[in-house]
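K.L.:
Structure below; questions to follow.
Quick note: the coordinates plus some simple rules give every number you see, no bench work behind them. Nothing here was measured: the structure is a model prediction, and the numbers come from that model. All Cβ positions, glycine included, derive from the backbone under ideal geometry; neighbour counts span all protein chains shown.
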Amino acid sequence: MKTIAVLTSGGDAPGMNAAIRAVVRTGCQNGMRVLGIRRGFNGLMNGDMYEMNLRSVSDIINRGGTILYSARSPEFKTDEGLNRALRVCKENSIDGIVIIGGDGSFRGARDLSLKGVPCIGIPGTIDNDIACCDYTIGYDTAMNTVMEMVDRIRDTTESHDRCSVVEVMGRRAGYIALNAGIAVGATSILIPEVEFDIDKDVIETMQKTQRTDKKHFIVMVAEGVSEKIGGVERLTKYIEEKTGVESRATILGHVQRGGSPSLRDRLVGSQMGNYAVHILMEGKGNRVVAMQKEQIMDFDIYEALNMTKSIDLGLYKTALEISI
Ligand code: F6P
């Protein structure tokens with residue numbers, strides 16, 4: 001391995017910069033030339049890259065976003081896009097690439113590996129929805145952001161004896177909603193992984209708590225559920241009609257993806273970035289770095305993409321029992 005490259009792809013996540021920093025520093029310390037590719041696979045197809053050194057990644061460990069910028073790249077999924085990327089790799093003598101992103105990005109890594117450019121994926125997404133990993137970079141920061149924001153919402157919800165319906169990110173996964181929902185004391189939590197009935201799981205639960213004198217409520221809804229039920233505004237009106245409690249909806253949106261990364265995201269990003277370069281140096285490609293039971297390991301990308309992961313139903317039961 002003489003020249004390696006690094007890129008970030010898909011939705012950005014706090015901690016991606018820590019991973020970039022670790023890739024660049026590990027590469028440089030081991031005598032490699034390290035190229036930073038801008039804007040994900042788009043940058044790879046267009047040859048948009050620059051040589052990085054130890055100082056290119058100074059003062060970024062504490063910064064949200066990604067200094068390499070990110071993009072979703074439908075063009076890369078075409079044969080033409082892949083061939084352009086392969087040409088750029090050859091022209092720039094790229095011997096291996098570290099790709100930080102979600103499972104869409106890993107599919108790109110798999111395609112490049114298959115064509116002879118060894119790639120290592122690092123899981124970076126606030127959604128924590130990558131099957132082979134217990135933990136993805138950005139998840140902890142996003143949950144803490146949600147907790148802080150909802151604590152603020154709670155202040156005004158309580159002052160007005162209202163119900164606040166809060167939509168959080170997670171189109172396919174309810175990890176943020178479930179964990180942050182427990183942390184903010186939500187009365188109901190709706191996630192895509194668990195079947196629900198609005199009348200039973202939201203309205204009746206609220207009415208039950210009203211009988212024990214509860215006057216303000218937080219209902220936490222994952223984005224995937226919100227899409228399914230026609231949006232949180234609609235749910236909010238329904239709650240108001242059925243319970244008589246004045247209700248407001250808040251969609252937290254992209255505030256969840258920004259901000260300075262937490263200690264955990266800086267640490268895991270650093271560990272995974274370092275690990276990724278070491279496995280490239282061992283001659284491995286087509287691998288995903290993962291964290292399971294706090295241990296960093298790696299899997300074949302095919303294997304990783306075929307794995308499934310289920311949400312902790314025990315945690316969901318805990319939420320039900322203590323939300324009353
Ligand atoms: O990064 C994951 C995610 O934040 C999802 O939770 C959300 O559905 C999606 O990205 C939003 O993507 P975009 O910023 O492209 O609208």
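K.L.:
Report, by residue number, each residue of region 8-51 that is within 16 Å of the ligand (Cβ to nearest atom) and either under 24 Å from residue 84 (Cβ atoms) or surrounded by fewer than 19 Cβ atoms within 10 Å (Cβ to Cβ) (or both).
P.N.:
Within region 8-51, 8, 9, 10, 11, 12, 39, 40, 41, 42 qualify.
K.L.:
Within region 238-247, identify whether any single residue is of a type in the set (A, V, I, L, M) and away from the ligand (no atom under 16 Å from the Cβ), and answer yes or no.
P.N.:
Taking region 238-247 as the starting set, the residues that turn out to be of a type in the set (A, V, I, L, M) are 239, 245.
So of that shortlist, the ones also away from the ligand (no atom under 16 Å from the Cβ) come out as 239, 245.
So far as region 238-247 goes, yes, one or more of its residues are of a type in the set (A, V, I, L, M) and away from the ligand (no atom under 16 Å from the Cβ).
K.L.:
Can you tell me which residues in region 116-158 are more than 28 Å from residue 294 (Cα to Cα), charged (D, E, K, R) and either without any contact (Cβ under 8 Å) to a residue 40 or more places away in the chain or touching an Asp or Glu at 6+ places or on another chain (Cβ under 9 Å) (or both)?
P.N.:
Once the filter is applied, which keeps residues that are more than 28 Å from residue 294 (Cα to Cα), charged (D, E, K, R) and either without any contact (Cβ under 8 Å) to a residue 40 or more places away in the chain or touching an Asp or Glu at 6+ places or on another chain (Cβ under 9 Å) (or both), region 116-158 yields 151, 152, 155.
K.L.:
From the list 100, 126, 130, pick out the single residue that is surrounded by 24 or more Cβ atoms within 10 Å (Cβ to Cβ), under 17 Å from residue 73 (Cβ atoms) and of a type outside the set (S, T, N, Q).
P.N.:
Every option except 100 fails the conditions.
K.L.:
What pairs come up if the first residue lies in region 27-55 and is over 20 Å from residue 73 (Cα atoms), the second is polar (S, T, N, Q) and surrounded by fewer than 19 Cβ atoms within 10 Å (Cβ to Cβ), and their beta carbons are under 7 Å apart, counting only those six or more places apart or on different chains?
P.N.:
Here the result reads 28/53; 32/3; 33/3, each pair linking region 27-55 to a residue that is polar (S, T, N, Q) and surrounded by fewer than 19 Cβ atoms within 10 Å (Cβ to Cβ).
Okay, residues lined up against (1) under 18 Å from the mean Cα position of the chain (by Cα); (2) surrounded by fewer than 16 Cβ atoms within 10 Å (Cβ to Cβ); (3) touching a residue at least 24 places away in the same chain (Cβ under 8 Å):
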{"site": "244", "(1), (2), (3)": "no, yes, no"}
{"site": "272", "(1), (2), (3)": "yes, no, yes"}
{"site": "276", "(1), (2), (3)": "no, no, yes"}
{"site": "289", "(1), (2), (3)": "yes, no, yes"}
{"site": "299", "(1), (2), (3)": "no, no, yes"}
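K.L.:
Residues in region 152-188 that are within 16 Å of the ligand (Cβ to nearest atom) and either surrounded by fewer than 17 Cβ atoms within 10 Å (Cβ to Cβ) or at negative phi (or both): how many? Before you say what the answer is, go through the steps one by one.
P.N.:
Going residue by residue through region 152-188, those that are within 16 Å of the ligand (Cβ to nearest atom) are 166-181.
In the following step, the residues that additionally are either surrounded by fewer than 17 Cβ atoms within 10 Å (Cβ to Cβ) or at negative phi (or both) were identified as 166-169, 171-181.
Result for region 152-188: 15.
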